[in-house]
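J.: Next up is a structure, given as structure tokens.
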Amino acid sequence: MNIRPAEERDIPRMGELLLQVCRVHHQGRPDLFRDGGRKYSNEELRALLRDGERPILVAEDETGWVAGYAFCIFQRHQGEGSLRDLTTLYLDDLCVDESCRGRQVGWSLYEAVLELARTSGCYNLTLNVWSCNESAMRFYERCGMRPQKVGMEVILPAEK
């Protein structure tokens with residue numbers, strides 16, 4: 001598996017993978033996620049590819065087929081109240097094609113993201129994971145990640 005920066009030619013494939021991610025989220029939280037939605041349009045993906053603060057990595061096989069991606073965001077905290085000055089690499093989204101799960105594609109992408117964070121002088125690597133996505137939570141725990149903070153909610157009854 002070759003991990004490389006995403007290019008414009010990868011947009012159609014990234015779009016297919018974004019649909020897979022949305023399907024997982026819709027299955028876990030249909031109250032929040034539409035069936036068949038995507039986090040980013042093709043136009044938004046093109047803009048992300050030009051944004052140096054939002055690197056995207058893809059995992060491709062020997063034929064050039066993209067088996068997964070990792071969307072990242074550099075978060076630079078400077079002079080922010082009680083926070084120390086530091087840079088975080090936020091892993092916004094990691095997806096491995098359903099047909100490739102269990103083949104170390106996710107691990108390869110995660111390791112490449114971790115190396116990007118190290119070589120970019122980041123203090124840490126962070127991400128959010130939906131609690132309904134238990135397989136993703138187990139994957140990140142196996143990678144050595146631990147909870148940093150916990151988001152909580154209460155769903156309000158609809159007004160009549």
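J.: Any idea which residue in region 93-112 is nearest to H26 (Cα to Cα), counting only those that are surrounded by 12 or more Cβ atoms within 10 Å (Cβ to Cβ) and of a type in the set (G, A, S)?
T.: Once the filter is applied, the top-ranked residue is G106.
J.: Just to verify a result, which residue in region 57-78, among those that are in a strand (DSSP E or B) and more than 18 Å from P5 (Cβ to Cβ), is nearest to the chain's Cα centre (by Cα)?
T.: Taking the candidates together, the pick is Q75.
J.: List the number of the failed condition for L89; all other conditions in (1) within 23 Å of E7 (Cβ to Cβ); (2) over 14 Å from the mean Cα position of the chain (by Cα); (3) not basic (K, R) hold.
T.: Unmet condition: (2).
J.: I'd like the residue in region 31-56 that is out of contact with any helix residue (DSSP H, G or I) (no Cβ under 6 Å at 6 or more places or on another chain) and of a type in the set (G, A, S) and, out of all such residues, is farthest from R4 (Cα to Cα).
T.: The residue in question is G36.
J.: Identify, please: which residue in region 57-92 is out of contact with any strand residue (DSSP E or B) (no Cβ under 7 Å at 6 or more places or on another chain) and under 17 Å from G121 (Cβ atoms) and is, among those, least open to solvent (accessible area, probe 1.4 Å)?
T.: The extreme case among them is Q78.
J.: Related question: Can you name every residue in region 137-148 that is touching a residue at least 12 places away in the same chain (Cβ under 8 Å) and open to solvent by less than 70 Å² (accessible area, probe 1.4 Å)?
T.: Hits for region 137-148 are F139, Y140, C143, M145.
J.: State which residue pairs qualify: first residue closer than 18 Å to D92 by Cβ and touching a residue at least 40 places away in the same chain (Cβ under 8 Å) and inside region 43-68, second residue open to solvent by 40 Å² or more (accessible area, probe 1.4 Å) and of a type in the set (D, E, K, R) in any location, beta carbons under 8 Å apart, and separation of 6 or more residues or different chains.
T.: L49/E7; L49/E8
J.: OK, next. Would you pick out the residues in region 113-129 that are in contact with a helix residue (DSSP H, G or I) (Cβ under 9 Å, 6 or more places away or on another chain) and open to solvent by 100 Å² or more (accessible area, probe 1.4 Å)? Show your work before the answer.
T.: Step one: of region 113-129, the residues in contact with a helix residue (DSSP H, G or I) (Cβ under 9 Å, 6 or more places away or on another chain) are 122-125, 127, 129.
Passing the criteria: only Y123.
J.: Taking region 113-154 as the search range and keeping residues that are in a helix (DSSP H, G or I) and polar (S, T, N, Q), which one is modelled with the highest pLDDT?
T.: T119
J.: To continue, here is another question. Within region 14-64, how many residues are within 24 Å of C100 (Cβ to Cβ) and of a type in the set (S, T, Y)?
T.: Adding up the residues that qualify gives 2.
J.: Name the residue that is surrounded by the most Cβ atoms within 10 Å (Cβ to Cβ), counting only residues in region 1-56 that are within 15 Å of the chain's Cα centre (by Cα) and assigned to a loop (DSSP other than H, G, I, E, B).
T.: Of everything passing the filter in region 1-56, A6 is surrounded by the most Cβ atoms within 10 Å (Cβ to Cβ).
The values are calculated or read from the model by the stated rules, or taken from the named source; none is laboratory data. What you are looking at is a predicted structure, and each value in this text was computed from that prediction instead of being measured. So basically every Cβ, Gly included, is an ideal-geometry build from the backbone, and we count neighbours across all protein chains shown. Quick note on the areas: whole protein, heavy atoms, side chains included, nothing else; ligands and nucleic acids left out. Shrake-Rupley method; radii C 1.70, N 1.55, O 1.52, S 1.80 Å.
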